[in-house]
Every structure is written in structure tokens, then in C-alpha cells.
Amino acid sequence: MIISWNVTKECNLHCEHCYRSSGPEAKQKDELNTREGKKLLSEIAKAGFRIIIFSGGEPLLRDDIFELVTHAREQNLRPVFGSNGTLITPEIAHHLKEVNTAAVGISLDSIEQEKHDRFRGVQGSWEKAIRGIKNCREAGIPVQINSTIMNYNYQEIDKIIDLAVKLDVRSYSPFFLVPTGRGQEIEKDSVTPDRYHQLIEYIMHKRTEVDLEIKPTCAPQFLVVAEQMGLDLRYTRGCLAGISYCCILPDGRVDVCPYLSLQAGHVREKPFDEIWDNSEVFAKLRSENYSGNCGRCDHTDICGGCRARAFYYQDGDFMAGDSWCQVGDYSG
């Protein structure tokens, strides 16, 4: 049970692929305030969630972020961060440790500074991200490195993984682009479906060679590939959207996932735990009544296809087949 809360649209970077179209001037006037945020966290705990991802934008730009993390801990939630890492000084890392942050995910898209900086829109962001990773590790905070995999960097996956091992991080998550937000503008630069499948297989093989947890994201077919390879992973399902995962936008809107702009409710209108239990959108996702190739697949129980990719490529039908899938066994 994992939930991602985009606590702000404000960000000190301007990344090409940002699903939330965040940036230095993007802060919304109607973002949930501290009182509303604490109420939301209490409702998230009541709904049975255990992990809360503070994301953005850049979550460290919120003045009350440590107060919110402290409240999350008081609700027995496990707080983690999704960050670009550039603001994590030794002092911030120490403060993150003080409020019992469980882990920090930091974005690193290339082993080459120039490539990463260009993708993230600000010169020097690669160097600061590396420094942020090291500061977290020195403070005793586990780190996950995240990369958005595109045509320009897919050949670097092996080297990024090796760098992750060298930096002593806990895990690595390669994200495959789903065109939403500014990501729609660079959809043409995404890897092809054929390459997507090849990379999933490669990543799963690489996982057997390094002492590092590796989980492809927005790529639910990885569990089918892992099963075919005989790998014993701790994950039980590929796409969790609406089943054991969802997203809260800065203004309190509840979406299926960060990459699927489909509203399931709004926490200013109804408590989150009631939305989670009663939303018609979530009920439909939990029915697993898919159409197309996903509806005929023998691996629905562990994969489910990417609902966000189905939504984008199948004219808004979030229960349609995942057209990028090449690993399913179909009965019809």
C-alpha cells in the first residue's frame, strides 16, 4: 500500500519529461496547506496505507515539509522522498534523518553531467544530485536512484547501475516514459516498444549480477519476465494503480497514478479514506476487467499492463490493453 503525494508543483529544475509540468514558477495558489496536509496524512493512514512518498515538483521547497513528515511518522506511515537531490546539503540530510525519513529517491539520468543537466533543464544539477546522494548516505539514509529511460540514455543503463553500486545506494529504478505533462512533448524520443521489451529483459538479467535491488517502473511486464527467468522477487504485481497505489495532486485531487490524469475524487470534498474505499474509478480498476490483449492475457494477476500507457495510447480507455506489451500469453 503505497501513495504518492505531489506536495507542490514548484521545482528548482525544469525537466523535459515532467509529468506535473513543474518548474520555478509553477507553484499553485491552492496547494493543500499544513492543516489540510496533516488531515490528509491521517486519512491515508486510516485507509490502510503504509508508505507515503513526498514528491513534487521538489518536495524540499515546501516550508512545512519536515512538519508533515513528522506527522506522517506519528500516523505510523513510512515517509520516503522523491527528489531531484540538488537541495540535499549535509544539513538537510541530517534533518531528514532526524525526522526519521525512511529513504530518498534521487533522479540521475546519465553518467554524463552534460546529458543529465540538459534533460533536467539546469546546469550543475548532475553534480548537485551526486552530492545529494552522498550526503544522504553519510547521514545513514537509504537511497534509490531513479532514471527516466529515453533514446538518448538507454545504452547507459549498465553504467548507471555500476555507478549506483559504487555510490552504495540500496536500489535502482529505471522509469519508462508515459507521455503526460511535458512528457507529451518528447514522446517521439521515447524508446520503441521493441526496445522497451529488450531493455526489461536486459535489466532483469543485470539484476542477477549485482548486489542491488532493481525494479523497472511503468513497465509491469518485468514481473512476467522475472517469472519466466525463475527469479524470486519480493514484488507481487506490476501495475498497482488503483489497487494498492494512487496519487494526490498538490491541490488535493486524487488521481489513479502520477502518469494517468484521471480523477477518482478530491480530498477537499470527501475524506481520502472514503474516496479510496468507494471511488467508481478505483472499483473498475480492481475488477481487472481489461479489454484487448490485457483482457486475454494469462498473466493479469501479476502484471495488469500499464494503465497509464493504455489511457494515453487507447484514446482515454484506462481498461484497454497495454499496446507496448510483447510478453503476454494470450488465450484468444
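The values are calculated or read from the model by the stated rules, or taken from the named source; none is laboratory data. Computed from a predicted structure; not experimentally measured. Note: ideal-geometry Cβ built from the backbone for every residue, glycine included; neighbour counts use all protein chains shown. In case anyone asks, the SASA skips ligands and DNA or RNA and just uses the protein heavy atoms, side chains included. Shrake-Rupley method; radii C 1.70, N 1.55, O 1.52, S 1.80 Å.
Values computed for the structure shown
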{"read-out": "Net charge over other residues, Cβ less than 11 angstrom from the Cβ of Pro271 (K, R count +1; D, E count -1)", "value": "-1"}
{"read-out": "Alpha-carbon radius of gyration plus Dmax, which is the widest Cα pair, for region 115-206 in Å", "value": "14.2, 41"}
{"read-out": "Mean-position separation - Cα centroids, region 81-132 and region 1-58, in angstrom", "value": "17"}
{"read-out": "Region 173-285, dipole about Cα centre (Lys/Arg Cβ +1, Asp/Glu Cβ -1), debye to the nearest 20", "value": "100"}
{"read-out": "Kirkwood hydrodynamic radius over Cα pairs of region 72-227, then Stokes diffusion coefficient at 20 °C and 1.002 mPa s, in µm²/s", "value": "132"}
{"read-out": "DSSP H segments from the chain that extend 15 Å or more along their own axis, Cα-based, with Kyte-Doolittle mean of -1.0 or above", "value": "34-46"}
{"read-out": "Cβ-placed point charges (K, R +1; D, E -1), dipole of region 127-198 about Cα centre in debye, nearest 20", "value": "280"}
{"read-out": "Segments 277-283, 256-262 sorted - mean Cβ within 10 Å per residue, highest first", "value": "256-262, 277-283"}
{"read-out": "Whole-number percent relative contact order across region 82-167, with pairs defined as alpha carbons under 8 Å at least 6 apart", "value": "39"}
{"read-out": "Rg ratio (alpha-carbon, reference 2.2 N^0.38 Å) - region 263-332", "value": "1.25"}
{"read-out": "Kirkwood Rh (inverse of mean 1/r, distinct Cα pairs), region 1-151, angstrom", "value": "15.6"}
{"read-out": "Cut-off 14 Å between beta-carbons: net charge of the residues surrounding Pro59, Lys and Arg +1, Asp and Glu -1", "value": "-2"}
{"read-out": "Residue-normalised accessible area of the chain, expressed per residue, 1.4 Å probe, Å²", "value": "43"}
{"read-out": "Counting DSSP beta bridges with both ends in region 175-332, the antiparallel % (nearest 5)", "value": "80"}
{"read-out": "Net charge, Cys136 excluded, C-beta distance under 11 Å - Lys, Arg +1, Asp, Glu -1", "value": "+3"}
{"read-out": "DSSP bridge orientation in the chain - percent antiparallel, rounded to nearest 5", "value": "20"}
{"read-out": "Charge-dipole axis of the chain as Lys and Arg at +1 and Asp and Glu at -1 on Cβ define it, positive-most pick from Cys306, Leu87, Ile106", "value": "Leu87"}
{"read-out": "Additional length obtainable on full extension of the chain from Gln155 to Thr89, 0.36 nm per residue less Cα span", "value": "20.7 nm"}
{"read-out": "Carbon plus sulfur fraction of accessible area for the chain, probe 1.4 Å, in percent", "value": "45"}
{"read-out": "Inter-probe distance in nm under a simple model that places probes 7 Å from Cα toward Cβ, at Met1 and Gln184", "value": "3.4"}
{"read-out": "Tail fraction, Cα-Cα pairs, region 138-184, threshold 14 Å, whole percent", "value": "56"}
{"read-out": "Label zone at Tyr235, where the point sits 7 Å out along the Cα-to-Cβ direction: region 287-305 residues whose backbone N lies under 13 Å", "value": "302-305"}
